[in-house]
Every structure is written in C-alpha cells, then in structure tokens.
C-alpha cells in the first residue's frame, strides 16, 4: 500500500511541476532553478534528524550514487528550466513523457536482461510522429529558433533524468532514499554555485506568483517528489517508475490551458494521443496483458 500511495503522489506532483517550472522562471530562469534546489536542500535536512536512520555515508560507493542521482536534478532540471522560457508547460509535460523511451534505451545498454524489440522500435516511431504533429503546427514564428533549441534542451533533460535513474538502479543501492536525495540536492547546489557563484545572493525582483511557484517546486516538487521518486526506484522496477510521465501529460495540458492561458489545438491533442499510444505500446507486457503492476 505504501508503494501505491507513493506512486499516486508522484503522479500528482509531476502533473503540476511543469507549470511551476514555467512560472518560477519568468523573471530569471537560472535563479528559479538554483533557488528551488537550494531551498529544497535546506528543507530536507530536518528529515535526516527526525528519521533516525543510519549515519549519512560519505564513502566512495555512496558518493557515486549521490552523483548519479544528481543527474535528474542538476542536469535535467537545469536544462528544463531554460527550456521553460520558450515552451508552454504542456509541451514540457509531453516531452518529459518520453522518459520511458529514453529509460528503456539506457536500460538496454546498461542493465542486464533488457531487450529492444521491433514493437518498441515501432512505439518509438509513434512517439516521434506525435511530437512532430504537436510542434510542427504550433510553433510561434517569432520564437521558432528559440523553441527548437528549447525542445533540444528539454530532450537532453529527459536523457539526464533517465540516465540518472538507470545508473542509480544499476548500483543496486541499499542507501535510504532520504540519503540519496540529500546527496543529490547538495551536489546540485554546488554545481549551480560553480556555474554562477553570486546567483543565490542577488535576488531579482519577483512577482508573487513566481515566489509561490519556487516554494511549491522546492518543498513539494523537490523534497517530497524526489524522496518518493527514489523510494520508488528502490522498490519498483525502473521501467514501471518511468511510466509515471505517461499518466501526467493530459492533466498538465489542462492545467496549462486553464491556469496559464496556453493554447490547445486539435494537432496538440492528436500528437499527444500518438505519444501516449507509443509509450503504452513501448511498455505493454503482452504475456501478462498489464501495462502497470505495482508490487509492494
């Protein structure tokens, strides 16, 4: 039951995160992601005290896991925040929905007993066709160049997210999820400080909506979301965890439409449908006839 509740909560969090990314980066995208990560890194420390779990580890094996776990945060989230300047939140959710495909590709090369069948190749082709349907008809002409770069950055973000998940799974870690998230967050904070040392000390003038979005993304999106995410990575097959983004795009599109006035066209819905069909086909287990089975 704990695994099921964690799964549902992560789905709800990831449904709202794309809009939080867009809103929190309206004035300064890098400050948005750096402040989110730093606030989350501070907020999570009391959990370490209250949990009374074993001593936090700093040995090489643990540091390697923290490093891999930072890929979705430092690499993936930073790129996605930059992309959020030019893409609607619904597009971000759809691009992030490609996580099962990229996870499957990385798992094929990095994990044992993983296969890449003709069915999966067809599924990948369907998802790419869906993306083309969405983007080709809905670019803003004056921003097309930036939007193409943003889509590329978002795809790289998805790759970082998937690669980090597979590498953490490959390590077969027995570290508590709390320790993995703390290590990943603080490594990401150090990475942001290396890129722009003064960012967190020169606060821009933010609108109230941006402040709320940063606080929500830091507390719920990063602390609770990543704790539950790495908890699932430990207890659930990596590909089942990667199915979470398949569930979120439709709801994220609706959130963006009603809360951020994002335009929804027939080609957007058609392309989204193709992407989701491709993702379900990619993950479908014909022998068991189940798309998703969560084991406690």
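Can you tell me which residue within region 43-79, out of those that are part of a loop (DSSP other than H, G, I, E, B) and free of Cβ contacts under 8 Å to residues at least 24 places away in the same chain, is surrounded by the most Cβ atoms within 10 Å (Cβ to Cβ)? Restricting to residues being part of a loop (DSSP other than H, G, I, E, B) and free of Cβ contacts under 8 Å to residues at least 24 places away in the same chain, the top hit is 58. State whether one or more residues within region 104-126 are touching a helix residue (DSSP H, G or I) at 6+ places or on another chain (Cβ under 9 Å), touching a residue at least 12 places away in the same chain (Cβ under 8 Å) and under 15 Å from residue 249 (Cα atoms). Looking through region 104-126, none of the residues is touching a helix residue (DSSP H, G or I) at 6+ places or on another chain (Cβ under 9 Å), touching a residue at least 12 places away in the same chain (Cβ under 8 Å) and under 15 Å from residue 249 (Cα atoms).
Across region 92-101, not a single residue is classified as at pLDDT 90 or above and over 12 Å from the mean Cα position of the chain (by Cα).
Restricting attention to region 8-21, the residues that are buried (at least 20 other Cβ atoms within 10 Å of the Cβ) and either modelled with pLDDT under 85 or under 12 Å from the mean Cα position of the chain (by Cα) (or both) total 8.
Table: residues versus (1) surrounded by fewer than 20 Cβ atoms within 10 Å (Cβ to Cβ); (2) free of Cβ contacts under 8 Å to residues at least 60 places away in the same chain; (3) more than 17 Å from residue 57 (Cβ to Cβ).
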{"residue": "168", "(1), (2), (3)": "no, no, no"}
{"residue": "171", "(1), (2), (3)": "yes, no, no"}
{"residue": "183", "(1), (2), (3)": "no, no, no"}
{"residue": "188", "(1), (2), (3)": "no, no, yes"}
{"residue": "192", "(1), (2), (3)": "no, no, yes"}
{"residue": "196", "(1), (2), (3)": "yes, no, yes"}
{"residue": "201", "(1), (2), (3)": "yes, yes, yes"}
{"residue": "217", "(1), (2), (3)": "no, no, yes"}
{"residue": "220", "(1), (2), (3)": "yes, no, yes"}
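Here residue 142 fulfils each of the conditions (1) modelled with pLDDT under 85; (2) surrounded by 15 or more Cβ atoms within 10 Å (Cβ to Cβ); (3) assigned to a helix (DSSP H, G or I) apart from (2).
Does residue 148 count as loosely packed, with under 15 Cβ neighbours inside 10 Å, free of Cβ contacts under 8 Å to residues at least 40 places away in the same chain and farther than 25 Å from residue 66 by Cβ? So residue 148 passes the test.
The values are calculated or read from the model by the stated rules, or taken from the named source; none is laboratory data. A quick note: this is a predicted structure, and the numbers were derived from the prediction, not measured. Note that each Cβ is placed from the backbone with ideal geometry, even for glycine, and that neighbours are counted across all protein chains shown.
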